[in-house]
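Asker: Structure below; questions to follow.
Quick note: the coordinates plus some simple rules give every number you see, no bench work behind them. Every value quoted in this text rests on a predicted model; they were computed, and no experiment measured them. FYI the Cβ positions are ideal-geometry reconstructions off the backbone, even for glycines, and counts take in every protein chain you see.
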Amino acid sequence: MPRAEPTEPSSPAIRRLVRHIGRARRHALLALAAVVVANAMALLGPLVARWIVDRAPQPGTQLLLPITLFVAIGLLRAAAGYLRRYESNALGIKVQYDLRNEIFAAIHRLDARRRAELQGGEVLSRCTTDLAMIQGLLYFVPVVVGNVLLVSGALVVMFVLSPPLTCVMLLIGPALILILLRTRHTIVPATRDAQRQSATLVGIAEENVLGASVVRSFGQESRELGRFEVNARLLFRLRMRVARLASRTTAAMLIVPALGQIAILGLGGLLAMNGRLSLGTFLAFSAYLGEFVAPLRTIGGGVTMVQQARAALQRLFEIIDAEPEVREKPDGLSLGPARGLVELDDVTFGYTPGRPVIHGLSLRVEPGETLALIGAPGSGKTTIAMLMARLYDPDQGSVRIDGHDVRDLTLSSIRENLGLGTEHPFLFRASVRDNIAFGSPEAPWEHVERAADDAHVEEFARELPDGYDTVIGERGVTLSGGQRQRVALARTLLRDPRILVLDDAVNATDPVTEERILARLRRRASGRTVVLVARRPSTLRLADRIAVIDDGRIADVGTSEELSRRCPLYRSLLAGWDVEHHDPPPSPESPAAEAEPAGEGPPVEGPRVGVAVATAPDPDPSGWRVLAPVRGMFAFAAALITADLAAGLALPMLVRSGVDQGIARGATDVLMVVTGIALATAVANSVLNCLGARAVARAGENLLYALRLKIFAHLHRLGMDYFGRERSGRILTRLTTDIDSISSFAQTGAVNMFSSGLLFVGVLVALLVLNPLLATVALGALPVLLLTGTLFRRHSVPAYARMRELAGTVNADIQEHLDGVQVTQTLGQEERVTRKFRQANHTHAAARLRAFWIIAVYFGLVEAVAQLSTAAALGVGALQVADGRLTAGALIAFYLYLGLFFSPVQQLSQSFETQQQAAVAWRQIATLLRTPAGTPAGLSTTPVTRLRGEIEVRDLRFRYPGGDQDALGALDVLLPAGRTVVVVGPTGAGKSTLFRLLARFYEPTHGRILVDGVDLREYDPGDYRRRLGVVPQEPFLFRGSIRDNIAYGRPDAREEEVEAAVRAVGAGLLLRHPGGLARPVGERGTALSAGERQLVALARAQLVDPDILLLDEATASLDPATEAAYLRATRLLSRARTSLVIAHRLTTAERADTILVLERGRIVESGPHETLLAAGGVYARMWEAARGRTPEGAPP
């Protein structure tokens, strides 16, 4: 986690939140004002009801005035309730909007070192789960503050009515406070542990989404599912620990006020029998107790929520407060148009403190000079490029441009003058045109076209479905590696920088295209300073001088001729001499597996849903089937909730019995018996509430555990085209925001709906038993409520769907820009992308506000109807008391029941919010689960043990989903077992597509691929892939050590086997590095150089001892010496296996058994190297271009 500046003790997280509330003070003040008005009306309501009850028995009493006053108070309370709901939600949305913007801006403020400490899944978790917790807290802030005022006012009024009873009530407050204070030391730490584990789980999911091809290549779907399940199980236990602790608190919070109510029944009854308390005052006191207890519970819940939100706030502010090491000085100098002098003076730098990768390096690049950097993987070439671009600051020494230390210059002026092109460029999910113009959005089209032409984008862009307006997938996955590099190079060239730093930026292009691009770069380089990180001899021809880097030091600098004469290392790098001839030091032991989070171990049971049940495919998922494993648990929870509600419903009846049978008749013994029964009922209610809460949590967490596994397992069944067309942030939203919504409904909303429904029916029965006439009056409100409910659903459902869709967009934006932040920074577009994100965030906030406005209107109407109905029933009941047809006790009980009668109606309405969010979330999850598997299970049940490796392609055609033309057309070829076949051709010819089909990432559109005479579709995909060794064009590494990543396909491999695989691919430098194979690779391998990542991927493929080796540009990031060492090793290893290599470096093809030349998805030439050279066709022209001679007919 990025280091943050320490927060002052006087300004903790909650105070920081208060400052954010201050920015939305209008919403906060209006919400508070509404709460004050609503609570003032709540104080007046029982006094008016007391007036009515006390005057009802008096003949000839006029009740019009108090009834009218009661109605006015009710309507004003309903209006204030509407305003409170709307403004409270507006407050939460505004603060959430601000915090999300601050997080987004903070991400773009962090330098590369700080970003490397972030996990993408953790950031997304904080932007979803943690922000949702803050939103929930802020919704209750005005309520809690208002309830404090209500409790204070109620105590004053209660003291005026009866000081003795008020003294009893005053005992409730300290008891509740003591209960709440304990939560700081129990619930908060438990919640923090659960939030951390949730972020870990999201991080695992993110790795599996971004590294989906690696997981499939090595058939590790089951292993990844096991890793996810272990962490999901731990999350289950941690969340159950929170639920257990919360259930205790809730039960204690429930019984304390109940004891107060029982005390009022007993003591108040005695006072009434002695004539010191009227029945109206007794009713008012009972009503105030309700008004007193509910706010206390709300305050208690708010305090618990504050404790939980504090952990969320701390996690959010860790990102917002994180300070980059690369900072701009307040008085930074603007460079202006640079001359182009670049100097590194005695620079020492390390990504990890105490482990430098650059040692006292000094280098000078003159204005207008082209300097090439060459060295073995991990020697420090890319690090030098990063230091020049000021993505990092040196630990010692200085980097200067035109004589100015870059730390004294403004970042914007550095980035205006320096353009950085990288080996593995990041492209955004936007059109080709927008990606090229990303760093220069105002550039006229002719400038964009010129840059695209210089980078040779034109030749493939015009063939895309919509030309330059074709939207490419996230990270550019719908383009080939070479096409991505060309778009990124055009993006850099469009800015026309005075200093151009290219880190092997065209290594994925074919030789002809590379030669054409380099010819354009020669013209572009005129008058500019160019620094090239080179791994191909062809790139070196651009250089005026070459610097040879060895282990972070300058070994020599000179022209190619000079270095060839005097620098053995330079000669070895070009000639391919194996520089790794000495024995490496012994590798340290592999680090221990990650331990469970520190702290109190969760002493709770694990999930009861079986893994096999949870992960079983479900082509037509329904909510009922998903609930199947947990229906019994929910039924048990429902039984406990029913018993709990029955106990709660008994209290008003007991009050009636106490009034009519005890107080009215002066029967003290009856009153004491009723009080004792009420006490037993309250204890039972508390116990049942605790057990019910745990049962609901257990059922809900089992459901969420099963859903997480079901989603994760299905993701591994999907084809790679799904990950190409869907943004990773949207996919992860299914496992974050959508799961959170279902969690909220399963554990809160569904319980509220169920209990509210039961309570509604129970109260209705009680009302009918008490007085059918009054019950009929009360039920007159139901048709109005049904009508408003229908209108509410009609408008709220589309509003919620829109809100959820925009939430997915915002999450996807966060994820994409977190991945592409380096591009944004190097092109100086932080302000623009932040402004664009604010617009998307604002649209999302506006949609949420509209949805909550609909809710506020509906709730206000429900409350108004409830108040009118209560007034009508109270008036009719008072008349019946005056006529002697209704006892005072029955009227009091009826009034208490009326509060319970309309409460479930409002709770059902409130639960509708969570139900709608859960319904939309489930629809999105169900859509994902209905997505057909990309590679169906094999038709044969025969396990794949070993393969001979004969590959036959028959009339193979393939078109990408959604494409309008074939990527491969009518391929027919036989590749004998044990041969090495190299596939070459221009960028976009279909080479990587053939690779993906052989790896069975996709199914052929037409034709067949046979391995050992068996159609690939007959094999089980996992069994087949485990016999492959796959190295993709851009290797993906998982968090962990180098050893963990090499052993990914064989996690049980012994240490000596891992080291043997490393040596077999010529990667001995990985063993010699400090830390050896135990060295952490960072998120996605960011702690390693591109060449080192490629070596790890090669060793990973070698370790599984594959029958078929698939290498897609597998040596593109290696210098010639390391590549030569690897090629010599693989030539020996390939004798026993079939190897298919996609190559742009034709030295790879020279010794192949067969070379296939692809153009526009078709094989145009095939045969051995010498035969194809003699033919003088496409391959011969590519060979000439690779050797540095411009082929005939090739435009410069």
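Asker: Glu442 to Arg227: extension gain in nm, 0.36 nm per residue of separation minus the Cα-Cα distance?
Answerer: 72.7 nm
Asker: For an R0 of 45 angstrom, estimate the FRET efficiency from the Cβ-Cβ distance between Arg355 and Ala840 and round to the nearest 0.05.
Answerer: 0.65
Asker: Students often forget the sequence filter, so: which lysines lie under 18 Å Cα-Cα from Lys94 once same-chain residues fewer than 8 apart are removed?
Answerer: Those lysines meeting the cut-off are Lys836.
Asker: Report the gain in length on full extension from Ala1060 to Ser622: 0.36 nm times residue separation, minus Cα-Cα distance, nm rounded to one decimal.
Answerer: Computed gain between Ala1060 and Ser622 is 152.6 nm.
Asker: Among 804-816, 761-773, how do they line up from the highest to the lowest mean number of other beta-carbon atoms within 10 Å?
Answerer: 804-816, 761-773
Asker: Grab the other residues whose beta carbon is less than 15 angstrom from that of Glu446, score K and R as +1, D and E as -1, and report the net.
Answerer: Values: positive: Arg433, Arg450; negative: Glu442, Glu449, Asp453, Asp454, Glu458, Asp496.
Once all neighbours under 15 Å are counted, the net charge is -4.
Asker: Taking a spot 7 Å from the Cα of Lys329 along the direction of its beta carbon, which residues of segment 397-441 have an amide N less than 14 Å from it?
Answerer: 398-401, 403-411
Asker: How would Lys991, Lys94, Lys381, Lys329 line up from fewest to most surrounding beta-carbon atoms within 10 angstrom?
Answerer: Ascending Cβ contact count within 10 Å gives the list Lys329, Lys94, Lys381, Lys991.
Asker: Between Asp1052 and Ala612, what's the calculated FRET efficiency when r is the beta-carbon distance and R0 is 25 Å? Round to 0.05.
Answerer: On the way: r = 23 Å, r/R0 = 0.92.
It comes to 0.65.
Asker: In the neighborhood of Glu416, defined by Cβ-to-Cβ distances under 11 Å, what is the net charge if each Lys or Arg adds +1 and each Asp or Glu adds -1?
Answerer: Taking every other residue near Glu416 into account, the sum is +2.
Asker: Taking the Cα centre of segment 342-575 as origin, work out the dipole magnitude from +1 charges on Lys and Arg Cβ and -1 charges on Asp and Glu Cβ, in debye rounded to 20.
Answerer: For segment 342-575, the charge dipole is close to 380 debye.
Asker: So what's the convex hull volume per residue for the Cα atoms of segment 342-575, in Å³?
Answerer: Measuring per residue, one finds 124 Å³ for the Cα hull of segment 342-575.
Asker: Further, regarding this structure: Rounded to the nearest 20 Debye, what is the dipole magnitude of segment 210-278 about its Cα centre when Lys and Arg each give +1 and Asp and Glu each give -1 at the C-beta?
Answerer: On the way: 10 positive and 3 negative charges, 35 e Å.
Its charge dipole is roughly 160 debye.
Asker: Based on other C-beta atoms within 10 Å, arrange Ile731, Ile554 from fewest to most. Walk me through the numbers on the way to the answer.
Answerer: Details: Ile731 27, Ile554 19.
Fewest-to-most ranking of Ile731, Ile554: Ile554, Ile731.
Asker: With a Förster radius of 56 Å, plug the Cβ-Cβ distance of Glu1003 and Ser278 into 1/(1 + (r/R0)^6) and report the FRET value to the nearest 0.05.
Answerer: 0.10
Asker: When the Cα centres of segment 1071-1102 and segment 430-483 are compared, how far apart do they sit, in Å?
Answerer: That distance is 32 Å.
Asker: Lys and Arg at +1, Asp and Glu at -1: add these up for the other residues within a Cβ distance under 13 Å of Ala24 and post the number.
Answerer: +3
Asker: Okay, moving on. Modelling each spin label as a point 7 Å along the Cα-to-Cβ direction, I'd like the Glu463/Arg832 distance in nm, to one decimal.
Answerer: That separation, rounded to one decimal, is 3.0 nm.
Asker: Simple spin-label model, 7 Å along Cα-to-Cβ: Ala680 to Val160 in nm?
Answerer: 4.0
Asker: Ok, one more. Counting other C-beta atoms within 10 Å, which of Ile384, Ile21, Ile73 has the fewest, and how do the rest follow? Intermediate results must be reported in sequence, preceding the final value.
Answerer: Numbers: Ile384 28, Ile21 18, Ile73 21.
Least to most surrounded, the residues fall as Ile21, Ile73, Ile384.
Asker: A further question follows. Using 7 Å Cα-to-Cβ label points, what is the Ala1174/Ala635 separation (nm, one decimal)?
Answerer: 8.1
Asker: Given the Cα-Cα distance of Cys167 and Arg364 and 0.36 nm per residue of separation, how much length would full extension add, in nm?
Answerer: Full extension from Cys167 to Arg364 adds 62.5 nm.
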